[in-house]
1. Quick one: putting +1 on the C-beta of Lys and Arg, -1 on the C-beta of Asp and Glu, what dipole do you get for segment B:15-211 around its Cα centre, in Debye to the nearest 20?
2. Counting other Cβ atoms within 10 Å, which trypsin sites (Lys or Arg not before Pro) in segment B:296-352 have at most 16 and lie in a DSSP loop?
3. Using only the Cα atoms of segment A:12-361, build the gyration tensor, take square roots of its eigenvalues as a ≥ b ≥ c, and label the shape rounded, prolate or oblate: rounded if a/c is under 1.5, else prolate if a/b is larger than b/c, else oblate.
4. Shielding by partners for A:236-243, please: the mean number of other protein chain Cβ atoms within 10 Å of each residue's Cβ.
5. Run the reach check for A:K83 against lysines, Cα to Cα strictly under 17 Å, same-chain hits fewer than 8 apart removed. What comes back?
6. Rounding to the nearest 10 and keeping the result within 0 to 90°, find how far the Cα-based axis of helix A:345-361 lies from the longest principal axis of chain A.
7. At a 1.4 Å probe radius, carbon and sulfur cover how many percent of the accessible area of segment A:1-104?
8. Treat every Asp and Glu Cβ in chain B as -1 and every Lys and Arg Cβ as +1, leave all other atoms uncharged, and give the resulting dipole magnitude about the Cα centre to the nearest 20 debye.
Amino acid sequence: MKAMEQARFTVSPYLVFPLVHSMQFGSEYLNMSIKPIQLAGHDTWISVILCGLCFHVVIWMVYRILNRNETDLIQIHRRFFGKWAGGGLNFIFIVYFLLHASLLLRLFIEIVQVWLFPDLATWLLASVLLLLVYYIVAGGFRVIVGICLFSLLRHLLIAAMLFTAGYFHFNNLSPVMDHSLNELLMAVKELAFPYVGVEILFFVYTFIKTPEKSEKWAHLANFVTTVSYLIVVLFSLLLFKFEQLSTQIWPQLTKYKFVRFPFIDRFEFVGASAQIFFVIPIICLCIWASSRAVKIMFAVKQRTVLPIFLILVFVAVSLIAGRNHIEAFQDLLSQIGFYMIFAYIPFVFLVDMVRVKAGRTV
Amino acid sequence: MSRIFLMLAVSCLLLTGCANQQILDRITLFIVCAFDEAQNDQIEITLATTRFQTGKPGSISNQLLSKVGHTSVGIIELMNTRMDKPLNAGKLSVVLIGTDLAAKGVRNELDMVLRDAQASRRMYLAVVDGNAKEVLRKNFSSDEEKGLYLYNLLDMNERNKLVPSQNLHEFGYAYLGKGMDPYLPMLQIKDDHIYIAGLALFKDDKYVAKLNEKQMRVMKLLKENVKHGALETKLNNGTYVAVEVIGSKVRFRIEKDTEGSNVSLNLRLKARIVDSKAVTLTRQMIKKIETSFEKDLIDSGTELIEKFQKEGIDPLGLGDFVRSKTRNWNEEEWKKEYSSLNVKIKVKMDIEETGITK
């Protein structure tokens, strides 16, 4: 079986940067600081850096696995674990990606419902957005990468944070390291979910021209994500008292409430709508990766799987109602994501090492 | 497949009118709203809304709405029964609170405005000496909308004058944060004139004490760095001198000596003389003026802190400062310590310029 795609489907190595970055930087960042601050308080920013470092190690592992096998995870599963066990693992990944897409879509719709239009029906917005997703994913991998690149525009929103600078209290950060290492590590675990997304490398690997050269871009993507999250968490800590932050659901959107222009009084409308930049690339990549896995496993056309998956996501999104369900769903997914990154990827890495060693002795 | 897709995409265009629209001409905005206590644990909300007259740009008329109820939403619903255009809180910028309600606690009202997705975090809050409703009844702004007038009054004084700044965000910050207590400007009304009479100090969410206008100026200098505002002092020979503050910096420090730790507040002021009552400004004279100011500020500052300690409130945020310098800070212990805490005030004033005459 040929390992790499035809040249006309591939993208340049540097495009791994927007790809990995937009897959990581999703809407979860809006409330990423709530749980870790319960554990690490004003030292959470240290945990953000630690978590970023952990993900650099994970990216390194991912590239070691992929460079050695020169194919994507779907084939690696079959090669390592045989047809049935490998197929089962692929199936778990498909379900995970579909759940991830559903969560992101539901998070965005919830923001629109709470901040903009309280009487908007969930299914209505879901169907409109999923049509957009169909249009993008049906366009192929290169179109999705284009959307990821376009979504980098969201970093312009950082300028709006300048309006809050007058309310910063720098003594909120001291005394530094008032929490034990154990508490910091617990916070790292809570922070991991917004970083999750590097697993997409397993699926896009065969679509990269000279994939070995793309590793530095993946590291750069993770670095930019870490810096962005550091800004998010640091600004939250400087702006809000710990007790105040615990009462917020979307502290990041609350920050837009400080912005005041003569021509736009409620900037959070812009901020809330702009979350679509954080959501659409992830949904597209998730749907694309899961439908591609089905294509390879069952030798069906990707376009026939796509509508079925979109309908599944649509049903899942319509079934999640209200804050409590969304929160429970997010907790579940963040657990799965955490173990996938910090348990499953190292496991595959070890299996790969063992196979190489065993192959050499034989 | 593509035909179905096209059909669905086109049908999306028909959905654009489905969301609830809020067009400016079809809603009633209000900038100011007043909360008062009513009987049986109810609250009274008063809104001053504007009505624009068609065909006459710039001409507005104020309309006053007042209702009693248990929750704000219920009251707004009741008010809507008297309106031709629904009320919308999106532009709310000033919230006035009556003294009675403030003394009982503003927790519920605070929760309401902080929960609202449309409320600005920069909204100004103020306590009214007496009944908040009475302020909105008075005709204090002849040609301007009442809400806008009040907003500008508070905004101008908190930005450029010696009224300590406080908005919704900072109030919530000081109320929820440990080791500090909030405060709000106190408005008073006299013969159709409204003015900031001082500061209302809160313990948690309850109004407990009041500062007069002179104490308020000192409080602002001890609380934050300022760039504007005037101060005056009485010299030994009985004449008054006024200076304009062009920059002040306040630093909190913990000093440890044999009796334990104490906090010192170091205030450095830069100023220029604006009114010297024809005193000849020799170098010795300026030195004298500086010492006179320093003594004044130290005396009134110390008096202020004794007042805070007696009431058990901490509007300066000394507790929060000590927290940031101590590991494993404990709020309970701090509260016990606070009443007997030794707070020193040190002031250094520099008069840099004397206007365009000597």
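The values are calculated or read from the model by the stated rules, or taken from the named source; none is laboratory data. Keep in mind that this is a model prediction, so the values were computed, not measured. Every residue, glycine among them, receives a Cβ derived from its backbone with ideal geometry; neighbour counts consider all protein chains shown. The area values use the complete protein model at the heavy-atom level, side chains included, leaving out ligands, DNA and RNA. Shrake-Rupley method; radii C 1.70, N 1.55, O 1.52, S 1.80 Å.
1. Numbers: 23 positive and 24 negative charges, 58 e Å.
Its charge dipole is roughly 280 debye.
2. On the way: sites: B:K307, B:K310, B:R323, B:K325, B:R327, B:K335, B:K336, B:K344, B:K346, B:K348; in loops: B:R327.
Counting only loop positions with at most 16 other Cβ atoms within 10 Å, the trypsin sites (Lys or Arg not before Pro) in segment B:296-352 are B:R327.
3. On the way: a/c = 1.89, a/b = 1.32, b/c = 1.42.
Oblate.
4. 3
5. Straight-line reach from A:K83, under 17 Å: A:K295.
6. 30
7. On the way: 2560 of 3770 Å².
Within segment A:1-104, the accessible surface is 68 percent carbon and sulfur.
8. Dipole of chain B, to the nearest 20 debye: 1020 debye.
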